[in-house]
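The values are calculated or read from the model by the stated rules, or taken from the named source; none is laboratory data. The structure displayed is predicted, hence computed values, not measured ones. Note that we place each Cβ from the backbone using ideal geometry, even for glycine, and neighbour counts take in every protein chain shown.
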Amino acid sequence: MVDKDDHHHIENCHSYKALKVNPGISQPPSINPNVVERMKNRKRKRYSVDDYIKGILDGDMTILSQAITLVESAKFEHQKIAQEIIERCLPHSGKSLRIGITGVPGAGKSTFIETFGQHVTGKGHKLAVLAIDPSSERTNGSILGDKTRMEGLAIDPNAYIRPSPSAGSLGGVARKTRETLLLCEAAGFDTILIETVGVGQSETAVHSMVDFFLLIQIAGAGDELQGIKRGIMEMADTIAINKCDGNNINKAKLARVQFENALHLFPLSPSGWSPKVLSCSSTEETGIAEIWTNIMDYCKHTKANNYFETHRSEQAKYWMYETIHEQLHDNFYHNSKINGMIPDFENKVLNDEISSFVAAYKLLNTYYDEVKQGND
C-alpha cells in the first residue's frame, strides 16, 4: 500500500526498491538577487524645479517625461510643482505647429501618424505625438498599443510619443494634454501631433488646442458620410481619404468627390481657408507629401490674415475658463460636507420631495458657506 505522504507517486513508495529517483538539479532564481538588492537600495533622484526647467530646455527626454508625469498626477504636491514648471516654461513655448488628427475607428490613424511623422522628421523637424483618450477604461483604446505599432517612429531620435492619461474626465485629460504640449514645445519640438483616441467630444477638445485639424477618412466602408457628425466636418481644415491603394483606389476617388460636395454646403470658416479633400496611402506612402504641403499652405494663409495668432489667443482664453470650471467642479465634489449631503438630496429629488433646482441651490449655498467660513 502506498503511503499518503508519497502524494500518489508510486515510485516514491518504499515497497519499490528497484526504483531509484535521482534528485533534480536545483534551479537558480529567475531574478538575480544582486539586482533585486540594488533596486531596493536605489532611490529615485528627486529634481528641483530648476533641475526640471534646465532638463526640459536642454531637451532631456527623461526629465521631460518625469515632468509630464507630474502634470498628469492627481496629487496636490505634484500639481503644485507641475504648475510652477509650466509657468516657467511658458515663455519658451508657442513656437511649434500644432496639428490635430481624428478619424473614425479603422481609418488607419496609427499607420498614418507613423508614415506622416517620419515624413516630418525626415524634413529636419522635431515631432511630439500626444493623445487625448478619456475613455480608455471603457473601450480599452489606448495610444500605448499605437506606440508598439509605430515601430519606426518610436525609435526615431527626432520623435517623442507620449501615451495619454489612462482615464478621467474629458476636461481634465484635455487640460493635461495641453500642458504637456507646452512642455514639449519648451523642450524644442517644433511640430506637435495630437490624436483623439476616443470618439465624441474629444474632437472638440483637440480642436481647441491646435492650429490645424485633420480628419482621416476611409473609403469602401459603406456610405462615407454616415457616422460623421456635421460638427466634426465643420472643424476639419482638411479631410484625408486614407487607404487609397490596391482595389480601393476607385472607391477613394468616389469618396473624395462626395466629401468635396458635402464641404461646399458649409459656410466659409472664420480662417478664410477652404478645406481640401486629399487622398493618401499610409502603407504605400503616397499622398503624404501633399498633405504636409497643404498644411504649410494653410499656415501661410492664416498667418497672412492674422487668424493664426488670433485663434491661439482665443484658445488661451478658452483654457483659462475651462481650468476655472474644472477646479470649481473638483473642489465642490471633494468637499466632505457636500459629499455627505448629496445622497440625501438625491433621494429627496427621486421621491419628489424637492425639485432638482432647489436641491442644487441648497447644496451650492452650503458649499459657499463652507468656503466663506474657511476664508474667515
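Determine which single condition Q327 fails, assuming it passes every other condition in (1) at pLDDT 95 or above; (2) closer than 26 Å to V173 by Cα.
(1)
Is there any pair linking a residue in the range 356-376 that is among the polar types (S, T, N, Q) to one that is in a helix (DSSP H, G or I), with Cβ under 6 Å and at least six apart or on different chains, and which?
S356/V349
Go through (1) surrounded by fewer than 16 Cβ atoms within 10 Å (Cβ to Cβ); (2) closer than 23 Å to M150 by Cβ and name the single condition K300 misses.
For K300, the failing item is (2).
Limited to the range 231-250, what total is found for residues that are part of a helix (DSSP H, G or I) and more than 22 Å from L265 (Cα to Cα)?
Within the range 231-250, the subset part of a helix (DSSP H, G or I) is 231-235, 246-250.
Next, from what is left, pick out any that are more than 22 Å from L265 (Cα to Cα): 246-250.
The number of residues fulfilling the criteria is 5.
Restricting to the range 258-274, and then to whatever is modelled with pLDDT under 90 and surrounded by 15 or more Cβ atoms within 10 Å (Cβ to Cβ), can you tell me which residue is farthest from F213 (Cα to Cα)?
Top of the filtered list is Q258.
So E353 fits all but one of (1) modelled with pLDDT of 90 or more; (2) within 30 Å of N247 (Cβ to Cβ); (3) loosely packed, with under 14 Cβ neighbours inside 10 Å; (4) charged (D, E, K, R); what number is the exception?
(2)
When only residues in the range 332-345 that are free of Cβ contacts under 8 Å to residues at least 12 places away in the same chain and in a helix (DSSP H, G or I) count, which is nearest to R178 (Cα to Cα)?
Keep residues of the range 332-345 that are free of Cβ contacts under 8 Å to residues at least 12 places away in the same chain, which gives 333-334, 336, 339-340, 343-344.
Next, from what is left, pick out any that are in a helix (DSSP H, G or I): 333, 336, 339-340, 343-344.
Numbers: Y333: 24, S336: 30, N339: 30, G340: 34, P343: 35, D344: 38 Å.
The residue in question is Y333.
With the requirement that a residue be under 18 Å from F76 (Cβ atoms) and aliphatic (A, V, I, L, M), what does the range 325-343 give you? Break it down stepwise before answering.
So in the range 325-343, the residues under 18 Å from F76 (Cβ atoms) come out as 326-336, 339.
L328, the sole residue that qualifies.
Among the residues of the range 275-283, is any buried (at least 17 other Cβ atoms within 10 Å of the Cβ), touching a Phe, Trp or Tyr at 6+ places or on another chain (Cβ under 7 Å) and not hydroxyl-bearing (S, T, Y)?
Step one: of the range 275-283, the residues buried (at least 17 other Cβ atoms within 10 Å of the Cβ) are 275-282.
Next cut, touching a Phe, Trp or Tyr at 6+ places or on another chain (Cβ under 7 Å) only: 277, 282.
Next, from what is left, pick out any that are not hydroxyl-bearing (S, T, Y): 277.
Yes, the conditions are met somewhere in the range 275-283.
So how many residues does the range 282-327 have that are among the aromatic types (F, W, Y) and free of Cβ contacts under 8 Å to residues at least 40 places away in the same chain? Reasoning before the result, please.
Pass one, the range 282-327, residues among the aromatic types (F, W, Y): 292, 298, 307-308, 318-319, 321.
Checking which are free of Cβ contacts under 8 Å to residues at least 40 places away in the same chain leaves us with 307, 321.
Number satisfying all stated conditions: 2.
Only one of these is small (G, A, S), in contact with a His (Cβ under 8 Å, 6 or more places away or on another chain) and either assigned to a helix (DSSP H, G or I) or under 30 Å from D58 (Cβ atoms) (or both): G100, G124. Name it.
On the way: G124 fails: in contact with a His (Cβ under 8 Å, 6 or more places away or on another chain).
Every option except G100 fails the conditions.
Yes/no per residue for (1) farther than 16 Å from I192 by Cβ; (2) modelled with pLDDT of 85 or more:
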{"residue": "V71", "(1), (2)": "no, yes"}
{"residue": "A74", "(1), (2)": "yes, no"}
{"residue": "G100", "(1), (2)": "no, yes"}
{"residue": "K126", "(1), (2)": "no, yes"}
{"residue": "I132", "(1), (2)": "no, no"}
{"residue": "A154", "(1), (2)": "yes, yes"}
